[in-house]
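*Asks:* Below is one structure. I have some questions about it.
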Amino acid sequence: MVVTSCGNADKNRQDAADPQNHKVMTLNIGDFKWTREPGSCTINGDTVTVVTKPHTDLWQRTYYHFRNDNAPVFQMETDEPYFSFVVKTDFSDSHHRFDQCGVVMYLDSDNWLKASVEYENSEYQHLGSVVTNGGYSDWATTAIDASVKTMWYRLSRREDDFCIECSADGRQFSQMRVCHLSKGGGKIQFGIYACSPEESTFKAVFTDMQLTECAWKAHDGQQPD
């Protein structure tokens, strides 16, 4: 792995209030660590550029029956029970079936979640999320136009429950998924990933990473039984 520079994310970005006025917490890119390294990586301020290796992926058993557990993930650790993590992804270079990059929370090979845009062909891609509990993955997707080349994600935590959202502009987020991770309590790891499941390699660019107070508010509607 090649690192051109490493250190704190852009201080001005950290210190400014986010567009929806959620309190910004300190996020230090130096706290992130690789679980398996990519083909190459450069870090310049708050920009992380990753080049994938071929035949890298995350999936466990369901439907396809195979188990893929070799995608590189770049994560930090926390025991904070309530927070949101925001990142912008640029996948302009994706070009081969299943090329993908996005947000991830990888606990171990059998327990993790991810959200990304996955290249399919020159007409459409899949915007989707995968949640894996106890070694079995699911996949929820929607087709989007192949002209989309950037996507924002917001991963929010409320103890061992999680919400994944996406946004075209980093301001208006739409819910993709609410889920529970059976091992999602206490100390966890979260961050970014990029991979190429087939014979491919591409450049993924991650910017505007931000840690804020939890943007996913407590439920105030129907009370539990």
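The values are calculated or read from the model by the stated rules, or taken from the named source; none is laboratory data. Quick caveat, the model's predicted, so the values are computed rather than measured. All Cβ positions, glycine included, derive from the backbone under ideal geometry; neighbour counts span all protein chains shown. These area figures cover heavy atoms from the full protein model, side chains too; ligands, DNA and RNA do not enter into them. Shrake-Rupley method; radii C 1.70, N 1.55, O 1.52, S 1.80 Å.
*Asks:* Restricting to the range 198-225, name every residue that is open to solvent by less than 70 Å² (accessible area, probe 1.4 Å) and without any contact (Cβ under 8 Å) to a residue 12 or more places away in the chain.
*Replies:* Residues of the range 198-225 that are open to solvent by less than 70 Å² (accessible area, probe 1.4 Å), as a first pass: 198, 200-202, 204-216, 218, 221.
Across the range 198-225, the qualifying residue is only Gly221.
*Asks:* For residues in the range 87-105 being in contact with a strand residue (DSSP E or B) (Cβ under 7 Å, 6 or more places away or on another chain) and either at pLDDT below 95 or among the small types (Gly, Ala, Ser) (or both), which is surrounded by the fewest Cβ atoms within 10 Å (Cβ to Cβ)? Outline the logic, then answer.
*Replies:* Quick first cut of the range 87-105, residues in contact with a strand residue (DSSP E or B) (Cβ under 7 Å, 6 or more places away or on another chain) only: 87-91, 93-105.
Retained after the next criterion (residues that are either at pLDDT below 95 or among the small types (Gly, Ala, Ser) (or both)): 94, 102.
Numbers: Ser94: 25, Gly102: 27.
By that ranking, first place goes to Ser94.
*Asks:* Moving on to the next point. Going by what's in this entry, would Thr78 be described as open to solvent by less than 50 Å² (accessible area, probe 1.4 Å), within 30 Å of Lys217 (Cβ to Cβ) and among the hydroxyl-bearing types (Ser, Thr, Tyr)?
*Replies:* Working: open to solvent by less than 50 Å² (accessible area, probe 1.4 Å): yes; within 30 Å of Lys217 (Cβ to Cβ): yes; among the hydroxyl-bearing types (Ser, Thr, Tyr): yes.
It is true that Thr78 is open to solvent by less than 50 Å² (accessible area, probe 1.4 Å), within 30 Å of Lys217 (Cβ to Cβ) and among the hydroxyl-bearing types (Ser, Thr, Tyr).
*Asks:* Please go through (1) within 22 Å of Glu198 (Cβ to Cβ); (2) in a strand (DSSP E or B); (3) among the basic types (Lys, Arg) for Lys88 and return the number of the only condition it doesn't satisfy.
*Replies:* (1)
*Asks:* May I ask you to verify whether Asp108 is in contact with a Ser or Thr (Cβ under 8 Å, 6 or more places away or on another chain) and open to solvent by 30 Å² or more (accessible area, probe 1.4 Å)? Write out each step before concluding.
*Replies:* Numbers: in contact with a Ser or Thr (Cβ under 8 Å, 6 or more places away or on another chain): no; open to solvent by 30 Å² or more (accessible area, probe 1.4 Å): yes.
When the stated conditions are applied, Asp108 does not pass them.
*Asks:* Identify all residues within the range 175-197 that are open to solvent by 70 Å² or more (accessible area, probe 1.4 Å) and either on the phi > 0 side of the Ramachandran plot or polar (S, T, N, Q) (or both); write none if there are none. Please lay out each step first, then the result.
*Replies:* Looking only at the range 175-197, we keep the residues that are open to solvent by 70 Å² or more (accessible area, probe 1.4 Å), and these are 175, 178, 180, 182-183, 187.
Residues satisfying the conditions are Gln175, Ser182.
*Asks:* In the range 111-145, what residues are assigned to a strand (DSSP E or B) and either modelled with pLDDT under 95 or open to solvent by 40 Å² or more (accessible area, probe 1.4 Å) (or both)? Break it down into steps so the answer makes sense when it comes.
*Replies:* First, the residues of the range 111-145 that are assigned to a strand (DSSP E or B): 111-119, 124-133, 136-145.
Selection gives Tyr124, Asn133, Tyr136, Asp138, Trp139, Ala140, Thr141, Thr142, Ala143, Asp145.
*Asks:* Could you list, in sequence order, the residues of the range 23-60 that are in a loop (DSSP other than H, G, I, E, B) and hydrophobic (A, V, I, L, M, F, W, C)?
*Replies:* Leu27, Phe32
*Asks:* Please give the number of the condition Val148 fails out of (1) open to solvent by less than 40 Å² (accessible area, probe 1.4 Å); (2) under 21 Å from Ser94 (Cβ atoms); (3) not in a strand (DSSP E or B).
*Replies:* (1)
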